[in-house]
Amino acid sequence: MSTINEQLDSLKTEALSSLNNIINKEELMMWRTKYTGRSSALSSILKNLKDVPQEKRKEIGLLVNDIKKNLELLFKDKDASFDNKIANEIDRNIDISLPGLPVRNGSLHPITIALNKTLKVLSQLGFSSIEGPEAETSHYNFDSLRIPDDHPARDMWDTFWLDSSFNNEELLLRTHTSPMQIRFLEENDPPIRIAVPGKCYRYESTDATHEWMMHQVEILAIDKNVSIANLKATLQSFAYEMFGSDAKIMLRNSYFPFVEPGVEMAVFFRGEWLEVMGAGMVHPDIISAAGYDPNVYSGFAAGMGIERIAMLLWDIDDIRYFYQNDLRFLKKFKN
Ligand code: FA5
């Protein structure tokens with residue numbers, strides 16, 4: 001059994017520590033009743049003082065009264081501090097009875113939403129995401145993709161050149177995500193199935209379907225026995241998953257130096273065909289440059305435009321809305 005002194009000590013400690021946690025007047029009133037009120041433990045010790053041995057009675061009586069007085073003082077201090085706080089707020093012309101200001105939630109940019117959706121569908125098709133550099137060398141952006149200096153295809157991909165260089169090579173802002181095909185092949189062995197999201201830049205004038213900065217997602221699949229039927233099935237599944245199974249899609253042939261054959265995929269949109277990606281079978285030269293036998297390994301690649309995909313997702317007729325930073329437009333997209 002603990003002595004009465006010990007009981008008093010622990011009562012005091014408990015009262016002090018719970019006082020620290022009190023944040024408003026109501027709690028404070030409850031605290032006062034609990035520790036100093038008529039049915040508090042302290043009061044009942046006083047009431048039963050006659051049960052305390054004669055020689056200790058006076059000492060305990062004084063001690064209990066002392067503790068009670070102390071707690072009362074602490075109560076008054078804390079009570080006054082609440083009063084001051086309220087008075088201060090009134091002084092500063094704050095109407096504390098007003099409801100709080102609503103918290104304004106931001107939302108993701110439509111291109112981020114479209115990009116996330118694209119990557120999610122691609123991951124369901126087995127492609128894992130990996131990013132590459134936006135500042136590229138012309139080796140990766142052009143030469144290694146079979147686009148030499150004098151190739152007319154370079155006109156299609158005119159870009160911004162940077163003042164800085166890397167390993168004595170001039171740097172440019174990549175025009176497409178295809179350079180990651182080469183970078184990834186240099187470091188990894190087939191089977192390969194990657195999706196490469198990122199910003200691309202082109203030195204060209206803007207119109208309803210062209211921006212000078214846009215996002216692409218590249219896909220690359222390399223393995224034994226990959227055929228153009230696999231490419232077609234992948235692109236179709238992707239398009240139906242993204243735009244619904246009633247979407248009208250068209251694959252028509254196209255030319256890119258790093259694929260053979262090459263195609264482009266367009267989706268029917270507002271009475272016209274909107275091109276969303278270029279694609280094709282990875283050129284055998286690229287497979288052999290990576291150190292694999294093109295008679296054993298084959299693959300397909302595609303590069304899709306995310307702004308165009310976003311136009312299709314939300315029926316937006318002009319790509320330039322995305323980067324005008326008009327909140328009336330941007331607020332319409334919920335993640
Ligand atoms: C390329 O960029 C190739 N790298 C695609 C590719 C990858 C082909 C792999 C074969 C194999 P292209 O320039 O067509 O191709 O661009 C691909 C897509 O990016 C276009 O279909 C379009 O959706 C988007 N795109 C291209 N330029 C712009 C632009 N200025 N503004 C908005 N979107 C664009």
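Only one of these conditions is not met by E204: (1) more than 19 Å from Y255 (Cα to Cα); (2) open to solvent by 60 Å² or more (accessible area, probe 1.4 Å); (3) out of contact with any strand residue (DSSP E or B) (no Cβ under 7 Å at 6 or more places or on another chain). Which number is it?
So E204 meets the others, but not (3).
Do we find a residue being in a strand (DSSP E or B), of a type in the set (V, I, T) and in contact with a Leu (Cβ under 6 Å, 6 or more places away or on another chain) anywhere in segment 301-322?
no
Report, by residue number, each residue of segment 297-316 that is of a type in the set (F, W, Y) and more than 10 Å from the ligand (Cβ to nearest atom).
Y297, W314
Output the residues belonging to segment 175-201 that are among the hydroxyl-bearing types (S, T, Y), farther than 20 Å from L231 by Cα and either open to solvent by less than 10 Å² (accessible area, probe 1.4 Å) or more than 12 Å from the ligand (Cβ to nearest atom) (or both).
Matches in segment 175-201: T175 only.
With (1) in contact with a strand residue (DSSP E or B) (Cβ under 8 Å, 6 or more places away or on another chain); (2) at pLDDT below 85 as the list, and R104 as the residue in question, which single condition is left unmet?
(1)
Which residues, taken from segment 1-60, are over 27 Å from D83 (Cβ atoms) and either in contact with a Cys (Cβ under 6 Å, 6 or more places away or on another chain) or of a type in the set (A, V, I, L, M) (or both)?
Selection gives M1, I4, L8, L11, A41, I45, L46, L49, V52, I60.
Checking the condition hydrophobic (A, V, I, L, M, F, W, C) and in contact with a His (Cβ under 6 Å, 6 or more places away or on another chain), which residue from I306, I316 passes? It would help to see each step written out before you state the result.
Details: I316 fails: in contact with a His (Cβ under 6 Å, 6 or more places away or on another chain).
Just one listed residue meets the conditions, I306.
The values are calculated or read from the model by the stated rules, or taken from the named source; none is laboratory data. Here the structure is a predicted model, which is why all the values come from computation and not from measurement. Positions of Cβ are backbone-derived with ideal geometry, glycine not excepted, and every protein chain shown enters the neighbour counts. Keep in mind that these areas ignore ligands, DNA and RNA; they rest on the heavy atoms of the full protein, side chains included. Shrake-Rupley method; radii C 1.70, N 1.55, O 1.52, S 1.80 Å.
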